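Presented below is the structure to which this report refers.
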Amino acid sequence: MLRRLLLATVLTGAFTVTSCAAGDVQVWLTTADGSKALSRQTDITFSQARSKKRTPAAVVIDPGKHYQEIVGFGAALTDASAILIHNLPASQRDALLKELFGRENGGLGFSFTRLTIGASDFSTRHYSFDDQPKGAKDPTLKDFSIEPNRAEVLPVLKQALAINPDLKVMASPWSAPGWMKSSDSLIQGSLLSEAYPAFADYFRRYIDAYSAEGVAIYALTIQNEPHFEPTDYPGMRVNPQSRATFIGAHLGPLLARTHPDVRILDWDHNWDEPQSPLTVLADPTAARFVAGVAWHCYNGNTPAQGVVHDAHPDKETWFTECSGGDWVDAKDALVTSAGTLVETMRYWSKGALLWNLALDEKHGPHLGGCDNCRGVVTIDSATGAVTRTVDYYALGHLSRFVPPGAVRIEAGPGPKDTNTVAFRNKDGSIVVLAVNRGKGARTVSIREGRRGFSYDLPPGGVATFVWH
């Protein structure tokens, strides 16, 4: 029911943040039944905010105690997403990109996105930027070209950057070119040690080529999910010792000379193996060049981010992939997505990305891999109709209200079955996101200094509170 209602919502830009009077608390609500979807509720005041129920211990907000600075929120511009968006009529494409990347007229203000360096499972063909016939090699990369991205990815990305020039772009390969691997294929295999110099230069050329198109690469990872070798789409195994050697002796020094502003992030895989990035960071040579660690949501739990952060507090934490999909019951999809975003922020993430920005009504286009993933928006491949999914609203509860430059601030734990996180924006406003994962209503009581308020959050509901 929830998915059906949310997918029926048209792109009207129906919500916007307005200045609030001293003492007023703005409330924005999405409900499990879809009757409220990032809907502005009646403002409450600190003096009037009382629940009829017994108030549990308050979530104490301390703006003076701050943690990571936020870079932003968004989703990956995969080949599939770019194809679907690019093929929309110009006026509809413009409206959608302004809705996603702009802040005017109710835009979500996405400020972080991810590209695939070559094909992923969400591509219509498998390719790298330097493919060779079986048995052939190209160690000087004379055939390197980003031509496969020119038709859809680059035009859509450039339009997003025109809307939001501060958009941060990270990039990850699903595989090195096959000739650099033990399998001589984009499918499976590991990176050959003799290919390290060429693979490092592959990244440099990619950054150069995108820079020539007016796109700055903010960060990269050397391999998406390096402990996984899928059988039907590009992938590559790179163990932590190999990643440390490649970064420390090859990619790190090369980018330090040519692109010192580009961050190298390690891991880009699940929470269940924190020892893998810890091994890379234990290598003093590699650690010099690693700016932070990137995480995915598919196995393990968010506290793993804290384990690595506590061991290396000088390294950044990033959340770079999590997909919604049909494996989660529709009634739980909203709070699953929103709760994951809350928890990754509580465990030090500077930015958070969901997976595909857009998919069609058949969960594609894709070639191998996930056949029931959900995009942030759904674009009907026949009609071009654009609808929002629960992930749109989960992201919007953060991205719309927490712009780049905000900092996470102290927020105590909420009542049972809830997730809460708090931020202070540059303008001094305070933002709290609360998620009710329970089966019944939960009274969320929030206190800042000597003032406080309470709100009865419906089951499966998500609320953002904003005040000055």
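The values are calculated or read from the model by the stated rules, or taken from the named source; none is laboratory data. Please read all numbers here as calculations on a predicted model, not as lab measurements. In this analysis, Cβ positions are derived from the backbone assuming ideal geometry, glycine residues included, and neighbour counts consider all displayed protein chains. Keep in mind that these areas ignore ligands, DNA and RNA; they rest on the heavy atoms of the full protein, side chains included. Shrake-Rupley method; radii C 1.70, N 1.55, O 1.52, S 1.80 Å.
Odds and ends about this structure:
- Bridge type composition, the chain - antiparallel percent by DSSP, nearest 5: 55 percent
- FRET E, pair THR285, HIS227, Förster distance 25 Å, beta-carbon r, rounded to 0.05: 0.70
- Label point 7 Å beyond Cα of ALA216 along Cβ direction - residues of segment 260-274 with amide nitrogen under 12 Å: 260-263
- Among ASP208, ASP138, ASP201, the sequence by solvent-accessible area, most first, with a 1.4 Å probe is ASP208, ASP201, ASP138.
- Here the sum of -39500 (n - 2.57) over DSSP H runs of 4 or more residues, divided by the residues of the chain, equals -7000 deg cm²/dmol at 222 nm, to the nearest 500.
- Accessible area per residue was computed with a 1.4 Å probe on protein heavy atoms; THR231 scores about 110 Å².
- The angle between the Cα long axis of helix 390-399 and the longest principal axis of the Cα atoms of the chain comes to about 80 degrees, rounded to the nearest 10.
- Cβ-based charge dipole, segment 349-468, positive-most Cα from PRO415, GLY460, ALA352: PRO415
- Listed residues ASN239, THR285, GLN275: farthest to the positive end of the dipole of segment 234-294 (Cβ charges): THR285
- Electrostatic dipole magnitude of segment 78-196 [Cβ: Lys, Arg +1; Asp, Glu -1; Cα centre; debye, to 20]: 120 debye
- Heavy-atom accessible area for ASP62, with the other protein chains in place and a 1.4 Å probe, reaches approximately 70 Å².
- Orientation-averaged projection of segment 344-455 equals 9.6 nm² [convex hull of Cα atoms, one quarter of hull surface area].
- Accessible area ranking (1.4 Å probe, heavy atoms, ligands and nucleic acids excluded), largest first, for SER211, SER323: SER211, SER323.
- Within the chain, longest stretch clear of exposed trypsin sites (Lys or Arg not before Pro) (DSSP loop, no more than 13 other Cβ within 10 Å): 151-287
- Solvent accessible area, Å² - SER381, 1.4 Å probe, full protein context: 80 Å²
- The stretch between GLN241 and ASP138 holds 34.6 nm of extra length on full extension. This uses 0.36 nm per residue minus the Cα-Cα distance.
- Radius of gyration (Cα atoms) of the chain, expressed as a multiple of 2.2 N^0.38 Å: 0.97.
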